Amino acid sequence: MDDNQRTISGMGCASCSSGKDGKPAGCKSNGYCSSSGCNKLDVFDWLAGVPLASGVSPFDAIEVRFKNTRKAFYRNTSNIQLMPGDLVVVDAAPGHDVGMVSLTGELVRVQMDRKSSATESYELRKVIRVATQEDVDRWHVARKLEDETMFAARQLVGEARLDMKVTDVEYQGDGTKATFFYTAEQRIDFRGILRTLSDRFKVKIEMKQIGARQETGRIGGIGSCGRELCCSTWLTDFRSVTTSAARYQQLALNPQKLAGQCGKLKCCLNYELDMYIEAIKSYPSQNAKLKTRQGTGMHMKTDIFSERMWYLFKNPGSASVMAGFPIEVVRDILAQNKQGIEPEVDLQMVEAEEKAKIPQEATYENVVGQDELTRFDSMNKSGKRSKGRGRGERDRGRDRKPQGGGGAQAGPRNEGAAPGSEPRQDRGPRPERGPRPDRGPRPDRGPRPEGGGPGNDRGPKPEGGGANERGPRPERGPNDRGPRRERGRGGRGRGPKPGGDAPPSPPPAA
């Protein structure tokens, strides 16, 4: 096979994108790798590296995979050297189809025996040739029509009011035939809809009914375990699953937990069923009752992993008690019951032992020592966290020159400044303030006295003082405070404060 055909064959991996070389971008192994392939229901060829005995010709049948999980066996009459991942053109009725080789060699014979297919290769259809670029292009055009055809078919089925669901549509490689896969609870007479579909899409129509599990396998999805569905990855035979499988495994009969995406019981309920059945055979019978002096115990559940059996003891006039006993204790009690002996069992002690065996909650220690979200916030001197000031503003406040320190040395930024002047601080834009609230008109304090200067000398008081005249100051007692210190705002001193016995001054006249 030349390089061009090998590149074309690598484009058959439709479940993952292909690179410039035609190989899948994921595994870089032409759609087939040592662990698994890139498609559904891939089979690992564990006989690929085993040489054949001398004089034995290789098996002349191959397994070809089509859309989703549909596979078929074909005979390689021309002895074409084929590898898994190659696209081939096979015989169909009518016309021809395009598929991808999924398995070759002696393992195909084993697969045919396992699936009860025709064991003789001469009964199989033939492989015509390796797919060319023209075959691949025609196949891709037919594949693009599948979604549109499926939606139109669902609309026609709804108009015909047939109790069936069209789940998938698959076109043949040459585009002359379309297979409609549907699910239905009962037998459907689709002869009328068959003519409608044939006239609508101008191809030969074939209707094929599948089950709910086959539908899920073809569509695929993610299960509750977080992995791809077993029916779409490796599971090929769908065994019946009953509720007894859940009972053997001591599972709650909850349909929402036990049902899969297909609406049936999960296939994985059968995976460990044989181990549970084998383990339960060695346990005492679940129908046997424990007769003790504390009451009769009825079996409730069996924990196979811890090898314990749980019984419920009901006594009239007292609360019910659930107790779990090891398998050896249960066998000892049953042996004594056969002899007519009812042993004494401390149910409270059994319950206390069970609680003691329950692992306590793990305590986590803070080994880092810094797990608070506010650990990077700075603290003020008063012990309160700063809210409005940012880190840059706090850093600028540290470099400010203290007031009254004219002789202090200025930093390098203050060189050339006037002596005694404060260093210029870059405080950034001032925040905008809202409108000032209206406080109303100021009260009239009367005419200003003449000769009032800016200093403490206010001049003589106006004559005829009315309500503003305070009168002579009262004499200060020994306990009165001294004169208040002057405030440095405008050099205005208000003098000493009157004693506590003086009446408050009346309000100014309006």
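So the values come out like this:
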{"quantity": "Residue among A323, A335 that alone is over 28 Å from A246 (Cβ atoms) and either buried (at least 16 other Cβ atoms within 10 Å of the Cβ) or among the hydrophobic types (A, V, I, L, M, F, W, C) (or both)", "calculated": "A335"}
{"quantity": "Filter pass, I222 being among the hydrophobic types (A, V, I, L, M, F, W, C) and closer than 21 Å to D97 by Cβ", "calculated": "no"}
{"quantity": "Breaking point among (1) exposed (fewer than 14 other Cβ atoms within 10 Å of the Cβ); (2) in the same structural domain as F180 (by TED's automatic domain parsing), for T149", "calculated": "(1)"}
{"quantity": "Region 184-221: number of residues that are among the polar types (S, T, N, Q) and surrounded by fewer than 16 Cβ atoms within 10 Å (Cβ to Cβ)", "calculated": "3"}
{"quantity": "Checking I277 against (1) farther than 16 Å from Q348 by Cβ; (2) touching a Lys or Arg at 6+ places or on another chain (Cβ under 9 Å), the condition it does not meet", "calculated": "(2)"}
{"quantity": "Criterion (surrounded by fewer than 21 Cβ atoms within 10 Å (Cβ to Cβ), within 21 Å of T69 (Cα to Cα) and over 46 Å from the mean Cα position of the chain (by Cα)) met by exactly one of R109, R125", "calculated": "R125"}
{"quantity": "Residues that are charged (D, E, K, R) and in a strand (DSSP E or B), drawn from region 296-331", "calculated": "K301, D303, R308, K314"}
{"quantity": "All positions within region 30-55 that are within 18 Å of L82 (Cα to Cα) and at pLDDT 70 or above", "calculated": "D42, V43, F44, D45, W46, L47, A48, G49, V50, P51, L52"}
{"quantity": "Yes/no for L273 being among the aliphatic types (A, V, I, L, M), surrounded by 11 or more Cβ atoms within 10 Å (Cβ to Cβ), touching a Gly at 6+ places or on another chain (Cβ under 8 Å) and free of Cβ contacts under 8 Å to residues at least 40 places away in the same chain", "calculated": "no"}
{"quantity": "E63, sole failed condition from (1) assigned to a strand (DSSP E or B); (2) of a type in the set (D, E, K, R); (3) modelled with pLDDT under 90", "calculated": "(3)"}
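So that you can scan it fast, the table gives a plain yes or no per residue for (1) touching a residue at least 40 places away in the same chain (Cβ under 8 Å); (2) exposed (fewer than 15 other Cβ atoms within 10 Å of the Cβ); (3) under 30 Å from N337 (Cα atoms); (4) charged (D, E, K, R):
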| residue | (1), (2), (3), (4) |
| --- | --- |
| S232 | yes, no, no, no |
| F238 | no, no, no, no |
| T242 | no, yes, no, no |
| A252 | no, yes, no, no |
| G260 | yes, no, no, no |
| C267 | yes, no, no, no |
| S282 | no, yes, yes, no |
| S285 | no, yes, yes, no |
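Residue-wise test of (1) out of contact with any Lys or Arg (no Cβ under 6 Å at 6 or more places or on another chain); (2) closer than 30 Å to F44 by Cα; (3) not aliphatic (A, V, I, L, M).
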| position | (1), (2), (3) |
| --- | --- |
| F238 | no, yes, yes |
| V241 | yes, yes, no |
| R247 | yes, no, yes |
| L253 | yes, no, no |
| Q256 | yes, no, yes |
| S282 | yes, no, yes |
| T292 | yes, no, yes |
| M322 | yes, no, no |
| I327 | yes, no, no |
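The values are calculated or read from the model by the stated rules, or taken from the named source; none is laboratory data. On a predicted model such as this, the values are computed, not experimentally measured, just so you know. Heads up, the Cβs are rebuilt from the backbone with ideal geometry, glycines too, and the neighbour counts pull from every protein chain shown.
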